[in-house]
């Protein structure tokens, strides 16, 4: 019986340490920008067609489930917050945690948010054109 209690205690401690480590790692990436990505220009003109295609992709790929219907931020508490990690950010305000240029946003969507990949990479799921359209959609609904 005592051994079972020790095993449960050890497992609880291991889980707590894992969550704490992931939270620390996630906070270390917050505010990180990507100067090389910042130089990349959006090749897709922000037309009504591009914005509509971006909104469709944003919804179809479930971006809205974490970031809100129009990028205003997800529901709280989110899955990530339940794990002690930051919640999905508001994508239409003036603060972008991983850089706010089109190139940095493209990089974040394409590569995900390391090291714990709170948001996984979409490079194998979305075409580059789709990512640029999503960026045009988000910029169209951004708060002025």
Quiz item: Filtering the stretch 104-141 down to residues that are without any contact (Cβ under 8 Å) to a residue 60 or more places away in the chain and assigned to a loop (DSSP other than H, G, I, E, B), which residue is farthest from the chain's Cα centre (by Cα)?
Solution: 127
Quiz prompt | helices (runs of 4 or more DSSP H) wholly inside the stretch 1-103 containing at least 3 residues that are modelled with pLDDT under 65 and out of contact with any helix residue (DSSP H, G or I) (no Cβ under 6 Å at 6 or more places or on another chain) | solution = 2-29
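The values are calculated or read from the model by the stated rules, or taken from the named source; none is laboratory data. Because the structure is a prediction, the values reported are computed rather than measured. FYI the Cβ positions are ideal-geometry reconstructions off the backbone, even for glycines, and counts take in every protein chain you see.
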